[in-house]
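**Q** If you scroll down you'll find the structure; I have some questions about it.
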Amino acid sequence: MATATTLPRTDWRQEWFDNEDATYLNLAGQSPMPKVAVRAVQAALELKKFPQRIPDNAFFEVPNRLRASVAKLIGAQPEDIALTSGASTGMAAVAYGMNWRAGDEILTTVGEFPLQYATWKPMEEREGVKLNIVSPRDRFLTADDVIAALTPKTRLVSISLVRFNDGVLLDAARIAAACHAQNALLLLDASQACGVVPIKVETMGVDFLVSAGYKFLLGPFGTGFFWAKPEHMANMRPGPFYWMAATGAGSNFSNMNFADPKPAPSGRRWDVAETANYFNHAALEASVEFVLRAGTETIAAHCRTLIEFLYERLPKDRCGPTSPLDAADRGPYACFAARAPEKTAALYDRLRKENIIVSLREGNIRVSPYLFNTERDIDRLISVITT
């Protein structure tokens, strides 16, 4: 097990404002924005306060910088990034954009975030597809469970890279290879991973990636992105698009075709409306740049060390881990539970009362630390459990 001496020496806490004496361990729910992002919002507010200061190119530069930052983070090209209001927007783009055939099978799993079911269940009636919900064969879901459930009718596998309810990290590269061996596609929701789990879309072999921006990307609520392989973008069905996603609208207004606009043959085709959002996107761009500066490997190592410290200290007579013990099978956070569901709920209430901010998900207490957390925060959580 890791010990306190293995933690990075950098004091990252100075990058955030004081958090009102809260011990905040809930990045998988909502992140506090770092100072650089808050200042970006403040600068954007000044522009809106005095709009005569807004140059025309600001409409294009803000989203273009954000696209470039996200692309760098996931090993993609900026033109293949669509800016969205969250993971749901990207999922809907795939649902409406793919050319479905009656009888196509979409595979997801038990215990997924509700986004998966809210997206795919209505498509059964709309398109005549079938949603297959896979259960784990053991305690935790594995790539083998997903691969074993593939059938000749499977057209798309849609799952989370890191599961919200127990922190399981799936081997996306293995699942992608198995999908492609039978002409199926893989869509990953990386909302609980992007910004802390190193992601390189080409190496992983995924076909679509969606992510919210308000968790480990440290951005505001109502932000996110969608990435797809260019060949999939080119084959998706036509439909309405945001006017700034038109061909020729990438740098200024004078290049735009106002009479007969055509969608850009790139990720911009799937942008959510109002990408020149000076508040949300300026903040997200500053946050993603901060993540790039800190490095996902550094962030992941810090979180992993704190989770291992948590599991070391967890009183075994009162609580037990409900996430994989092997860090290779676990994302940036972990869960535990008391010996009975009612005791878990009572413990969660007590933690919140003591201003220790965690999540209660599917009967588990989820602890998701970040760079600003230390062993002292874990000690404080443990002290509440043991009193």
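The values are calculated or read from the model by the stated rules, or taken from the named source; none is laboratory data. Computed from a predicted model, the values in this text were never measured in an experiment. As a convention, Cβ positions derive from the backbone with ideal geometry for all residues, glycine included, and neighbour counts pool all protein chains shown. Ligands, DNA and RNA are stripped out before the accessible areas are found, and what is left, the full protein with its side chains, is counted by its heavy atoms. Shrake-Rupley method; radii C 1.70, N 1.55, O 1.52, S 1.80 Å.
**Q** Please state the relative contact order of the chain as a whole percent: Cα pairs under 8 Å, 6+ residues apart? Numbers along the way, then the final one.
**A** On the way: 736 pairs, mean separation 95.9, N = 387.
Worked out over the chain, it gives 25 percent.
**Q** Same structure, new question: Quick one: which of Lys49/Lys72; Lys229/Lys262; Lys121/Lys200; Lys35/Lys316; Lys130/Lys200; Lys153/Lys215 span more than 27 angstrom between C-alpha atoms?
**A** Values: Lys49/Lys72 32 Å; Lys229/Lys262 20 Å; Lys121/Lys200 29 Å; Lys35/Lys316 38 Å; Lys130/Lys200 30 Å; Lys153/Lys215 34 Å.
From the list (Lys49/Lys72; Lys229/Lys262; Lys121/Lys200; Lys35/Lys316; Lys130/Lys200; Lys153/Lys215), the Cα-Cα distance tops 27 Å for Lys49/Lys72; Lys121/Lys200; Lys35/Lys316; Lys130/Lys200; Lys153/Lys215.
**Q** Continuing with the same structure: Could you check the spin-label model distance between Asp260 and Lys153? Points 7 Å from the Cα along Cα→Cβ, value in nm.
**A** 4.3
**Q** Rg and Dmax of segment 74-184 over Cα atoms: what are they, in angstrom?
**A** 14.1, 41
**Q** Please find, in a Gaussian network model of the chain (springs between Cα atoms separated by less than 10 Å), the residue of Ala148, Ala228, Ala294 whose mean-square fluctuation is greatest.
**A** Of Ala148, Ala228, Ala294, the Gaussian network model singles out Ala148 as fluctuating most.
**Q** Using a Gaussian network for the chain with springs between C-alpha atoms less than 10 Å apart, which of these wobbles most: Val110, Val157, Val201?
**A** Val110
**Q** With +1 on each Lys and Arg Cβ and -1 on each Asp and Glu Cβ, and nothing else charged, work out how big the dipole of the chain is about its Cα centre, in Debye to the nearest 20.
**A** Details: 42 positive and 43 negative charges, 51 e Å.
Here the chain has a charge dipole of around 240 debye.
**Q** Let me ask you something else. For the chain, what is the mean residue ellipticity at 222 nm derived from helices alone (per DSSP H run of n ≥ 4: -39500 (n - 2.57); sum divided by total residues; nearest 500 deg cm²/dmol)? Intermediate results must be reported in sequence, preceding the final value.
**A** Values: 12 runs with 140 residues, N = 387.
Mean residue ellipticity, 222 nm, calculated: -11000 deg cm²/dmol.
**Q** In segment 231-387, what percent of the accessible surface is made up of carbon and sulfur (1.4 Å probe, ligands and nucleic acids excluded)? Show your work: numbers first, answer last.
**A** Details: 3660 of 7020 Å².
Of all accessible area on segment 231-387, carbon and sulfur atoms account for 52 percent.
**Q** On full extension of the chain, what length is gained from Thr10 through Arg339, given 0.36 nm per residue of separation minus the C-alpha to C-alpha distance?
**A** Working: separation 329, 0.36 × 329 = 118.44 nm, distance 3.71 nm.
Length difference between fully extended and current span is 114.7 nm.
**Q** Counting only residues 5 or more places away or on other chains, whose amide H sits under 5 Å from the amide H of Ala334 once H atoms are built in the peptide plane?
**A** Answer set, sorted by chain and number: Val367.
**Q** At 0.36 nm per residue, and after removing the present C-alpha to C-alpha distance, how many nm does the segment from Phe50 to Gln77 gain when stretched out fully?
**A** Values: separation 27, 0.36 × 27 = 9.72 nm, distance 3.41 nm.
Taking 0.36 nm per residue and subtracting the Cα distance, the gain is 6.3 nm.
**Q** Roughly what would the spin-label model give for Arg318 and Ala276, points 7 Å off Cα along C-beta, in nm?
**A** Result: 5.6 nm between the two label points.
**Q** Along Cα→Cβ, 7 Å out, is where each label goes; now give me the distance between the ones at Asp18 and Ala173 in nm to one decimal.
**A** 4.6
**Q** So if I restrict to the alpha-carbon atoms in the chain, what is the Rg, and what is Dmax, the biggest pairwise distance, in Å?
**A** 21.6, 71
**Q** Expressed in nm to one decimal, what extension gain is obtained for the pair Ala58 and Asn99 from 0.36 nm per residue of sequence separation less their Cα-Cα distance? Write down the numbers at each step before the final one.
**A** Numbers: separation 41, 0.36 × 41 = 14.76 nm, distance 3.58 nm.
That pair, Ala58 and Asn99, stretches by 11.2 nm at full extension.
**Q** Using a 1.4 angstrom probe and counting only protein chains, how large is the accessible area of Thr298 in Å², to 10?
**A** Per-residue accessible area (Thr298): approximately 50 Å².
**Q** Oh, and also: In what order, largest first, do His232, His180, His302 sit by accessible area if the probe radius is 1.4 Å? Can you show the working numbers first?
**A** Working: His232 35, His180 70, His302 10 Å².
Reading off the accessible areas and sorting them downward yields His180, His232, His302.
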